[in-house]
1. So how much slack lies between Glu32 and Ala275, counting 0.36 nm per residue of separation and subtracting their Cα-Cα distance, in nm?
2. Modelled label-to-label distance, Met1 and Leu112, 7 Å Cα→beta-carbon offset: nm?
3. Most mobile of Glu32, Glu121, Glu202 per a Gaussian network model of the chain (Cα springs, under 10 Å)?
4. What would the Debye equation give as log₁₀ I(q)/I(0) for segment 109-245 at q = 0.21 Å⁻¹, counting only Cα atoms as equal point scatterers?
5. For Leu104, what is the net charge nearby, where nearby means another residue's Cβ is under 13 Å from its Cβ and Lys, Arg count +1, Asp, Glu -1?
6. Under 8 Å for C-alpha pairs, at least 6 residues apart: give me the relative contact order for the chain, rounded to a whole percent.
7. Can you give the Kirkwood hydrodynamic radius of segment 5-135 from its Cα pairs, in Å with one decimal?
8. Evaluated at 4 °C with a viscosity of 1.567 mPa s, what Stokes-Einstein diffusion coefficient in µm²/s does segment 7-84 have when Rh comes from the Kirkwood expression over alpha-carbon pairs?
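Quick note: the coordinates plus some simple rules give every number you see, no bench work behind them. Keep in mind the model is a prediction, meaning the values are calculated, not measured. As a convention, Cβ positions derive from the backbone with ideal geometry for all residues, glycine included, and neighbour counts pool all protein chains shown.
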Amino acid sequence: MVKIVSNAELNEKDLKALEEKDVEFTYVSNEEPLSKELLKDVDIFNTYGKNLDEEAVDLLKSVKWINVMSAGVDNVPKEIYEGKIITNASGIHKIPMAEYTIGLLLSYYKNLLTAYDLQKEGQWDSKLKSDELYNKTGIILGTGEIGKELARLLKAFNVKVIGFNTKGRDVEYFDETYKIDDVNNHLKEADFVVSILPSTTETRGLVGKDFFENMNDESVFLNIGRGDLITDETLKYVLDNKLINHLILDVFNNEPLESDSFVYQYDNITVTPHASARTDLYTERALDMFLENLENYLNDKELFNTVSYEKGY
């Protein structure tokens, strides 16, 4: 019998199917602390990842496979990886995050926030104008599933899409792709830049002052990846000096932002609360991926979305 402990519940149909395969499934709230008794003889641990900390290292030693129902695993200690398979939910975010990015870009270019402010003030401004995505050039840092989906959607607006990844490999829906090391040489071409980069030793602090100084003055920078891509010092410098027209940030170094954060003092930034992937379909999609991989596990097949500690994804 294969034993599973999961921080997400299954429906009755899926539970019955597992019983027929001689799989024992136990749901435990994400808020409940892990214990030796809970994880005794457990083969598989399915989690959102918040409980994968230093205290969990010893408790999870006998677990063979840990599935993390998120794409980000940068906070998982190295010791948890030892002697087991770690998988994540890479690809789960592509639809909500790509849609979110399109929404933020359209909100900015169509001047919707200004229109809403005018509405609240009871003002009708017949001179209010908007811009178009049509024929613009966009750079996407990160050409994985999210980046690819975003590129696909941007093509519907006739946007030229340039992608950057580790090796500069060609990726579907991108007009051009280059090595990430070469990004500064192409920034002037872009009307907007979107980062979907994960948090790794290579990406932390990757976007510095020189990056923004190489961008077009009228361009927009949008980050839905990880906040540690930019140091707070760099962020403040860019905002103070208005190196580009606008920043749209969904992620930050320290979350949640305190109410007195320097970020709230500027009008050349749009802030959203790390919400680009949050929809009602998240858990459903994550469980579908887990159950698909579980079939592989039960049939001694290779699991997909395996994570390397060294790479960070």
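1. Net length gain for the segment: 85.0 nm.
2. It is 5.1 nm.
3. Top of the fluctuation ranking is Glu121.
4. Relative scattering, expressed as log10 I(q)/I(0), comes to -1.28.
5. Charge balance near Leu104 sits at -1.
6. For the chain, the relative contact order is 14 percent.
7. Evaluated over segment 5-135, this radius sits at 18.6 Å.
8. For these conditions, the coefficient is 97 µm²/s.
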